[in-house]
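This report refers to the structure that appears directly beneath it.
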Protein chains: 2
Amino acid sequence: MPNPSAAMLVIGDEILSGRTRDANMHFLAQELTKVGIDLKEVRVVSDDHDAIVLALNALRKTFHTVITSGGIGPTHDDITADCVAAAFGVGIDVRDDARALLQAYYDSRGTEFNEARKRMARIPDGAALIENPVSIAPGFSIENVHVMAGVPSVFQAMVASVLPTLTGGAPILSQTFRVERGEGDVAGPLAEIAKAFPDLSFGSYPYQLNGAYGSNVVVRGSDGARVDAAMTRLSEVFAV
Amino acid sequence: MPNPSAAMLVIGDEILSGRTRDANMHFLAQELTKVGIDLKEVRVVSDDHDAIVLALNALRKTFHTVITSGGIGPTHDDITADCVAAAFGVGIDVRDDARALLQAYYDSRGTEFNEARKRMARIPDGAALIENPVSIAPGFSIENVHVMAGVPSVFQAMVASVLPTLTGGAPILSQTFRVERGEGDVAGPLAEIAKAFPDLSFGSYPYQLNGAYGSNVVVRGSDGARVDAAMTRLSEVFAV
């Protein structure tokens, strides 16, 4: 049985304008791989209502799980929660439990819980809150969509809350075999080996070191014995 | 008139598995912004024929320009060129000019120009080659789609070749105003200012420094005088 699939939706003009370099995609990819969930697609869209709704509806209908990052802060360009409600066709309003969390937090800091901050308690109807131990303002889950903050420390904490609730598959094991030859020399024999191990995936990643070309061949699969067998075969074929 | 739009398609299992952190998206975002082309969407898909064709057809019909990265090397998992041909419904074969480039390069290095390396001369019918000064194997352009390598040094060189051929818009200028208050305090007044400058975009990006919260407000627009006016307004509103 194939592993469960996931997609990620990154929301934010700052990524697409090049102002900010996204860090959440790489983090999420590694975390999902560890628990045997295959990240199959990532989309990055701007802070645009229609673009967010369109992408979210496409992804949530195609993949088992969708994780979003960005656009849930207090400012006028934080429109993710409203877009998620629109995508699901449900209502959205300030919710008591989210408001209580934020009220207690700002009271304890002596900070005014103003209208802008109350926006962060707007939660689509039927969603469950995702805990935010870093800065309290919660994310939320609705059906197979998990809505998280874009700030990396908060995103990472929310991923840690949600991952144990997802159904994982067989964790993917990987081993790397280094060949001190260019990809063009590796490609032919590697294709033959890949055919002989159809249950594994083989990637080849070129590198250049001190002017010499080489290739890192990465073998990935859920059966450790098969990965070992492929590594043995690689060492036979590419023995110098 | 709005600026021309662009999308990027990143192709590669190694990004989605978390093995490699993509560097090309951030580079391209910055380059496009400099020439006034708005990067509106990025998709990352795996080395899967149907996923690549589907994403490519969606993006090329929606945006003025599409730039792809990855999957044009010599190994069995390098299937981008074939997928592009399939998406456009055109044939693909080894092409004489691309073969001649590669032949001369490998001859000069005393390297065998084998079957795997010949795969890199497979070019969809009707495409124009994109020069690769780093490792010779060319990219190609077909209609509004520009197909480039995933290796960052090669991707960057190919972007440098193609960018001058694209129709740019008004370069986007940006200035940053730093407010030593949390986003929740900035959000209300900032929304008012954003309403007063509908031709500009305002982003707010929180930071934390020595335990204190602050916000970087980024003002972006193509008219420098208007950006300056917004900065003046910000300094009036957020004067301590």
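A few comments on the model shown:
- Test: residue in the stretch B:123-133 that is over 21 Å from the mean Cα position of the chain (by Cα) and closer than 20 Å to residue B:11 by Cβ: yes
- Failed criterion for residue A:172 (all others in (1) without any contact (Cβ under 8 Å) to a residue 60 or more places away in the chain; (2) facing chain B (nearest Cβ under 9 Å) hold): (1)
- Scanning the stretch A:188-211 for residues that are among the hydrophobic types (A, V, I, L, M, F, W, C) and either touching a Gly at 6+ places or on another chain (Cβ under 7 Å) or closer than 16 Å to residue B:14 by Cβ (or both) returns A:190, A:194, A:200, A:202.
- Checked against (1) at pLDDT below 95; (2) touching a Phe, Trp or Tyr at 6+ places or on another chain (Cβ under 6 Å), residue A:17 meets all criteria but (2).
- The selection criterion, being more than 9 Å from chain B (Cβ to nearest Cβ) and either more than 30 Å from residue A:16 (Cβ to Cβ) or touching a Pro at 6+ places or on another chain (Cβ under 8 Å) (or both), holds for residue A:216.
- Within the stretch B:9-62, the set of residues being in contact (Cβ under 8 Å) with a residue 60 or more places away in the chain, part of a loop (DSSP other than H, G, I, E, B) and within 26 Å of residue B:171 (Cα to Cα) comprises B:23, B:35, B:36, B:37.
- Counting the residues of the stretch A:184-240 that are within 13 Å of residue B:77 (Cα to Cα), outside any loop (DSSP other than H, G, I, E, B) and among the aliphatic types (A, V, I, L, M) gives 9.
- Residue in the stretch A:150-169 that is farthest from the other protein chains (Cβ to nearest Cβ), counting only those that are closer than 25 Å to residue A:47 by Cα and outside any helix (DSSP H, G or I): A:150
- Residue that is nearest to residue A:11 (Cα to Cα) [pool: residues in the stretch A:77-90 that are in contact with a Gly (Cβ under 9 Å, 6 or more places away or on another chain) and not aliphatic (A, V, I, L, M)]: A:80
- Just one of the listed residues (B:84, B:42) is at pLDDT 95 or above and under 13 Å from the mean Cα position of the chain (by Cα), and it is B:42.
- Looking only at residues in the stretch B:103-129 that are part of a helix (DSSP H, G or I) and without any contact (Cβ under 8 Å) to a residue 12 or more places away in the chain, the one that is surrounded by the fewest Cβ atoms within 10 Å (Cβ to Cβ) is B:108.
- Scanning the stretch B:66-102 for residues that are without any contact (Cβ under 8 Å) to a residue 12 or more places away in the chain and buried (at least 16 other Cβ atoms within 10 Å of the Cβ) yields a single hit, B:76.
- Residue satisfying condition, being surrounded by fewer than 19 Cβ atoms within 10 Å (Cβ to Cβ) and among the acidic types (Asp, Glu), within set A:192, A:183: A:192
The values are calculated or read from the model by the stated rules, or taken from the named source; none is laboratory data. In this text the structure is predicted, and so the values were computed from the model without any measurement. All Cβ positions, glycine included, derive from the backbone under ideal geometry; neighbour counts span all protein chains shown.
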